[in-house]
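What follows is a set of notes on a single structure, which appears directly below.
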Amino acid sequence: MTTAAQPIFSKGEDCKESWHDANAGYNDADTHLEIMGKPVMERWETPYMHSLATVAASKGGRVLEIGFGMAIAATKVESFPIEEHWIIECNDGVFARLENWAKAQSHKVVPLKGLWEEVVPTLPENHFDGILYDTYPLSEDTWHTHQFDFIKGHAHRLLKPGGVLTYCNLTSWGELLKTKYDNIEKMFEETQVPQLLQAGFKKEKISTTTMDIVPPSECKYYSFHKMITPTVLKE
């Protein structure tokens with residue numbers, strides 16, 4: 001079995017308690033971020049991150065981004081005529097980079113430190129015009145489901161009417177596309193849409209676009225040749 005075929009999480013693995021102060025391993029070329037040995041983000045994802053950011057910023061106004069990573073999506077969000085950019089990040093090293101990055105941005109940036117599960121319940125209802133959720137799963141148990149905890153518990157209430165949610169879980173979707181699906185639209189329809197409906201979003205307000213992409217052969221979490229961008233609107 002090749003390295004790329006190894007699951008990202010071993011059975012029962014849980015990184016949550018140690019994640020916040022674990023070293024944020026940005027490589028010298030700033031093309032990869034690893035935390036606790038996990039491949040959190042890689043720069044080849046840039047076209048896809050830009051696609052998510054474009055959706056999240058499409059309504060202007062106040063954008064909430066959950067997960068900062070390498071600032072790929074965040075920098076794209078800042079290129080649009082938004083008003084405020086709220087960003088939640090729990091890892092100490094990544095948050096330090098966020099605070100430094102925020103000083104150079106043209107829009108108001110509100111860095112929020114902590115796990116999203118701690119920060120999000122403190123945020124006001126009907127407050128955001130756009131949300132981009134892209135955090136790294138922190139346990140084998142929540143590998144495929146952590147985005148639903150946020151979406152079903154909070155996304156609908158946080159968005160203003162007419163606001164937009166976009167999100168991804170690449171480590172989950174990459175695994176599903178290796179092991180269960182060979183069609184990315186079918187994967188999304190069967191594994192994601194039912195959860196979005198349970199969260200209160202309407203079927204006719206959920207749409208997706210796909211892009212062709214070629215992940216590097218050494219990428220551990222994604223090898224499929226397409227990526228999918230959701231657009232989920234609140235009525």
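Computed per residue of the chain from DSSP H runs no shorter than four, each worth -39500 (n - 2.57), the mean residue ellipticity at 222 nm is -7000 deg cm²/dmol.
The accessible surface of the chain, taken with every protein chain in place and a 1.4 Å probe, is 49 percent carbon and sulfur. Rolling a 1.4 Å probe over the protein heavy atoms leaves VAL120 with an accessible area of roughly 0 Å². Among rounded, prolate and oblate, which fits region 178-217 when a ≥ b ≥ c are the square roots of the eigenvalues of its C-alpha gyration tensor, a/c under 1.5 means rounded, and a/b larger than b/c means prolate? Because a/c hits 1.5 or more and a/b exceeds b/c, region 178-217 counts as prolate. Note on the chain: with a GNM built from Cα contacts shorter than 10 Å, the maximum mean-square fluctuation among ILE213, ILE87, ILE131 falls on ILE213. Straight-line reach only, C-alpha to C-alpha below 19 angstrom: list the lysines that LYS226 could link to, leaving out same-chain residues fewer than 8 apart. Here the lysines satisfying the reach criterion relative to LYS226 are LYS178, LYS180, LYS186. Secondary structure note: in the chain, about 45% of the DSSP beta bridges are antiparallel. Solvent-accessible surface of region 123-209, taken per residue with a 1.4 Å probe and all protein chains present: 40 Å².
Counting only heavy atoms of protein chains, what accessible area per residue, in Å², does region 10-82 have with a probe of 1.4 Å?
On the way: 3070 Å² over 73 residues.
Heavy-atom accessible area per residue stands at 42 Å².
List nothing, just return the count: lysine pairs in region 20-127, 8 or more apart or interchain, with Cα separation under 22 Å. The result is 7.
By the rule of a C-alpha distance below 12 Å, with chain neighbours fewer than 8 residues away ignored, the aspartates and glutamates paired with LYS220 are GLU34, GLU42, GLU175.
In terms of accessible area, using a 1.4 Å probe and ignoring ligands and nucleic acids, THR135, THR166 rank largest first as THR135, THR166.
Can you work out the FRET efficiency for the pair SER79 and SER18, with r the C-beta to C-beta distance and R0 = 41 Å, to the nearest 0.05?
Values: r = 34 Å, r/R0 = 0.84.
That gives a FRET efficiency of 0.75.
Values of log10 I(q)/I(0) for region 105-235 across q = 0.10, 0.12, 0.17 Å⁻¹ run -0.35, -0.50, -0.98, by the Debye formula with one identical scatterer at each alpha carbon and no solvent. Could you work out the percent of alpha carbon pairs in region 1-125 separated by over 26 Å, rounded to a whole number? Value for region 1-125: 24 percent of Cα pairs lie more than 26 Å apart. For the chain, the relative contact order is 21 percent, taking Cα pairs closer than 8 Å that sit 6 or more residues apart in sequence and dividing their mean separation by the residue count.
Largest first and in whole Å, give the semi-axes of region 147-186's equivalent ellipsoid, each being the square root of 5 times a Cα gyration tensor eigenvalue. Each step should come with its number before you reach the end.
On the way: eigenvalues 141, 25, 10 Å².
The three semi-axes for region 147-186 are 27, 11, 7 Å.
A crude spin-label estimate for the pair LYS202 and SER217, with each label 7 Å from Cα along the Cβ direction, gives 4.9 nm.
Using heavy-atom solvent-accessible surface (probe 1.4 Å) with all chains present, what is the largest-first order of TRP101, TRP173?
Values: TRP101 35, TRP173 0 Å².
The ordering from most to least exposed comes out as TRP101, TRP173.
The values are calculated or read from the model by the stated rules, or taken from the named source; none is laboratory data. These numbers come from a predicted model, not from an experiment. For neighbour counting, all protein chains shown are included, and Cβ atoms are generated from backbone atoms with ideal geometry for every residue, glycine included. Areas reflect the complete protein model, heavy atoms only, side chains present, ligands, DNA and RNA absent. Shrake-Rupley method; radii C 1.70, N 1.55, O 1.52, S 1.80 Å.
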